[in-house]
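See below for the structure under consideration.
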Amino acid sequence: MKRIGIAGATGLVGETVLRILESGPHKIEDLRLFASARSSGAKMKFRDQEYEVHEVDPIGFQGLDVAFFCLEADLARKLVPQAAKHCPVIDKSSEFRLKPEVPLVVPEVNPESLKGHENIIANPNCTTIPLVVAVNPLHREFGLREIWLASYQSVSGAGKAAVEQLRYETEFVAMKQKPDSKDSPLGPQIADNVIPHIADFDSHGNTGEEAKTIKESARILGLPELKVNSTCVRVPVSVGHALAVSCRFEQVVKAKDAQRVLKHAPGVTLRTGHDYATPVDCRGNDSVFVSRVRQGAGTDELSMWVVTDNLRKGAATNAVQIAELLGKLGVSS
């Protein structure tokens, strides 16, 4: 019997986990859905059957094979260790990602880090995941020294309320009226605008999102001295994160050699020539799309364009792949 729990099932990532499991080959015989008290009692459909959503309670995870936690860090801090007493927990929050005893896993990059886990596994940031999937095969071939990154991140990375805010503001902008952004979860107006501010600033001037890409990438790639220069920007797009990435390597690298490596890299869909991917192209897809691979300013540098569905491979798909690595999801014959 394969018994699955999803905490935060009514949120964007939780719903995406549910849809991925529903459309996949996974044989699930016991499904338990959890959310906040506000969403308790809601009904969600899974494979022609309705399931009631219950308020998150660690006792509800008894007897499960695996649990997906799609909650904010403050709730994860409290609830994940309690749920982990009953089953392995794959947590999407930032709470456990840098704790040395907790594996931070991208299956295409560091599956071996799962060994010896203590029932808590961290799912990386939605920008970090596509970044390391794209650069890891190049690192293995050419030796990675430094990354320059600018992200263009969709509002769905900030949750349902942010998606609704974009829709609301876009209607006003279309009518040439100024929207009310006073209570926006994104801070400034997002429609017809870009915001270089995702999460709080630290003492160095980096935002929380930038710090995540810097620290998490180094940990996942096993390169503690890796230099990552990151600027993360929220853009008026509903789903799909894009990254402009430049890398410096330990040796001379040519674009055609990088393309040869990326063509066969796990999790990567390579586009060459003038064919490039956009967020619209990647929605509903589990690949990390890499295009515009070209020579950088120096002979040891490359630049490329990386795009992925932040709700799928950037979050939910990666979590499901971790559960598959753990052997916690059955597959129908």
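No value in this document is a laboratory result; all are computed from the given coordinates. Treat the numbers as computed from the prediction; the structure is a model and nothing was measured. Here the Cβ positions follow ideal geometry from the backbone for every residue, glycine too, while neighbour counts run over all protein chains shown.
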Query raised in the report: Expressed in nm to one decimal, what extension gain is obtained for the pair Gln251 and Leu325 from 0.36 nm per residue of sequence separation less their Cα-Cα distance?
Result: 23.3 nm
Report task. Counting other Cβ atoms within 10 Å, keep those with at most 14, restrict to DSSP loop, and tell me which GluC sites (Glu not before Pro) in region 91-127 are left. Result -> Glu101, Glu118
Report task. Looking at the chain, send over the antiparallel percent of its DSSP beta bridges, to the nearest 5. Result -> 50 percent
Requested in this report: Rounding to the nearest 20 debye, state how big the charge dipole of region 133-238 is about its Cα centre with +1 on each Lys and Arg Cβ and -1 on each Asp and Glu Cβ.
Outcome: 160 debye
Report task. Could I get the Rg over Rh figure for region 228-333? Both from C-alpha atoms, Rh via Kirkwood, rounded to two places. Result -> 1.03
Report summary line: In this structure, among Lys99/Lys215; Lys227/Lys313; Lys92/Lys313; Lys85/Lys212; Lys227/Lys263, pairs with alpha-carbon gaps over 19 Å are Lys227/Lys313; Lys85/Lys212; Lys227/Lys263
Report summary line: Mean separation of Cα contacts under 8 Å (at least 6 apart) over the residue count of the chain, i.e. the relative contact order in percent, is 20 percent
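Normalised by the number of residues in region 1-74, what is the relative contact order in percent for Cα pairs under 8 Å and 6+ residues apart?
42 percent
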Query raised in the report: Taking region 28-85, which GluC sites (Glu not before Pro) meet the DSSP loop condition and have no more than 13 other C-beta atoms within 10 Å?
Result: Glu29
Query raised in the report: Given a cut-off of under 8 Å on Cα pairs at least six residues apart, what relative contact order in percent is computed for region 69-122?
Result: 38 percent
**Report entry** Estimated distance in nm for a label pair at Ala297 and Ala161, the labels positioned 7 Å out from Cα along Cα-to-Cβ
**Finding:** 4.0 nm
Query raised in the report: If you place +1 on the Cβ of every Lys and Arg, -1 on the Cβ of every Asp and Glu, and leave all else neutral, what size is the dipole of the chain about its Cα centre, to the nearest 20 Debye?
Result: 500 debye
Query raised in the report: Across every pair of different alpha-carbon atoms, what Kirkwood hydrodynamic radius in Å does region 15-139 reach?
Result: 15.8 Å
Query - Gain on full stretching of the segment that runs from Gln177 to Ser36 - 0.36 nm per residue minus C-alpha separation - result: 47.2 nm
Query raised in the report: Between Asn229 and Glu29, what is the FRET efficiency for a Förster distance of 51 Å, r being their Cβ-Cβ separation, to the nearest 0.05?
Result: 0.60
Query raised in the report: What range in the chain is the longest one free of trypsin sites (Lys or Arg not before Pro) that are in a loop by DSSP and have at most 13 other Cβ atoms within 10 angstrom?
Result: 255-333
Query raised in the report: If you take all C-alpha pairs in the chain, what percent of them are over 29 Å apart?
Result: 39 percent
